[in-house]
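The values are calculated or read from the model by the stated rules, or taken from the named source; none is laboratory data. Everything quoted here is computed from the prediction, not taken from an experiment. Here the Cβ is made from the backbone with ideal geometry for all residues, glycine too, and neighbour counts use every protein chain on show. Note: accessible area is taken over every heavy atom of the protein model, side chains too, but ligands, DNA and RNA are not part of it. Shrake-Rupley method; radii C 1.70, N 1.55, O 1.52, S 1.80 Å.
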Amino acid sequence: MIHIIVTNYNNADFSNGLYQSLLLVKDLVFNLTIVDNASVKTDIDKLNVLAKAPHVDLIKNPENLGYFEGLNVGIRLVRQKYPDAKYLVVGNNDLVFPTDFAEQLAQCSSVFDKYPVVSPNIRMLDGTPQNPHVINGISKKREFIYDLYHTSYLLAGLIVRLAKVTHRFTDRKDEQQHAIAQEIHQGYGACYILTPKFFEHFDELWAPTFLMYEEFFLSKQLEEKGFKTYYEPRISVTHYCHASTGMIPGKLKWQYSRQAHKEYRKYVKVWP
């Protein structure tokens, strides 16, 4: 059985869409755990209906715990309720799984035996790849831009607008290697597969921030035990992208990012 754990925040329609896509996967035995992060009543009502469907568990947090900590609530439930659970697919609820997803997983059993975390081939609706997210690391020039971005909200807006104009020259080229299976520094945070090897070394995801920079903190968690994330293009999912974070007001989202960046800078020292 494959266990899928996702967070939900005021977007139950995406959780339902994810569930419907799982029903169409050939030969897949699954259980879906939805962790709601204190959504509004109308959204909770939709989730309560979905929770009556087969193979669905619903957890209703009384407060918004954030992304990775929300996933951890689901991980704890699954490991307690299903002690034989082996493979946990964790991530956003705005995912759609292909009909051959079970077959894709079966082809990658040797990868699951070796790596604690496998990062799949994530593509947006228009086919744009989001993985491999960061293959080796972040350049000093880009780190400097990250620091500038988090100095003020107005400057952040200017940097975003400038990046949209110059993206052909300034975008990182990591995603161009989307067809190459390889060890990577960071996989895109919308979806990960946690294997039995992960739970040989960890109980849950390291979650020092409410939101943002989860990819880095997972990579550091693995590296401290001598592991890296493995990018596996044979496993694919479709990602609507920003279904939850897109509803967060821009300045609040930037504040979450600034808080996470401060935590990130405790571990990544670029400048003397």
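The calculated pair-distance distribution of the chain uses every alpha carbon pair, bins of 5 angstrom beginning at 0, and gives 1, 5, 12, 17, 20, 18, 13, 8, 4, 1, 0, 0 percent. Throw me the Rg/Rh for region 118-182, computed over C-alpha atoms with Kirkwood Rh, two decimals. For region 118-182, the value is 1.02. When both bridge partners sit in the chain, DSSP labels roughly 35% of those beta bridges antiparallel. Extension gain for the segment residue 79 to residue 182, taken as residue separation times 0.36 nm less the Cα-Cα distance, is 34.2 nm to one decimal. With the helix formula -39500 (n - 2.57) applied to DSSP H stretches of n ≥ 4, the chain reaches a computed 222 nm mean residue ellipticity of -12000 deg cm²/dmol. Fraction of C-alpha pairs exceeding 23 angstrom in region 73-180: 50 percent, rounded to a whole number. As a fraction of the 1.4 Å probe accessible area of the chain, surface on carbon and sulfur atoms comes out at 55 percent. Would you mind calculating the relative contact order of region 179-272 from Cα pairs under 8 angstrom and at least 6 residues apart, reporting the percent as a whole number? Here the relative contact order equals 40 percent. Note: region 1-150, Cα convex hull, 153 Å³ per residue. Of all the options 131, 16, 48, the one that moves most in a Gaussian network model of the chain with Cα springs shorter than 10 angstrom is 48.
Taking each residue as 0.36 nm, the span from residue 38 to residue 252 lengthens on full extension beyond its C-alpha to C-alpha distance by 75.3 nm. Between residue 109 and residue 20, the simple label model (points 7 Å from Cα in the Cβ direction) yields a spacing of 3.4 nm. Dimensions of region 15-55 from C-alpha coordinates, computed as largest minus smallest value along each principal axis and given longest first, are 35, 15, 13 Å. Computed over the Cα atoms of region 1-71, pair by distinct pair, the Kirkwood hydrodynamic radius stands at 12.2 angstrom. Note on region 152-206: percent of Cα-Cα distances in each 10 Å bin, starting at 0 and stopping at the bin with the largest distance, equals 16, 30, 29, 20, 6. Entry for region 39-102 at q = 0.11, 0.16, 0.21, 0.26 Å⁻¹: log10 I(q)/I(0) = -0.31, -0.68, -1.17, -1.45, Debye formula applied to identical alpha-carbon scatterers, no solvent contribution. Accessible area per residue for region 1-43, computed on protein heavy atoms with a 1.4 Å probe, is 40 Å². Spherically averaged projected area of the convex hull of Cα atoms, region 147-272: 9.6 nm².
Segment residue 125..residue 171, full-extension length gain: 14.6 nm, with 0.36 nm per residue of separation and the alpha-carbon distance subtracted.
Centre-to-centre, using Cα atoms only, region 1-62 and region 65-127 are separated by 14 Å.
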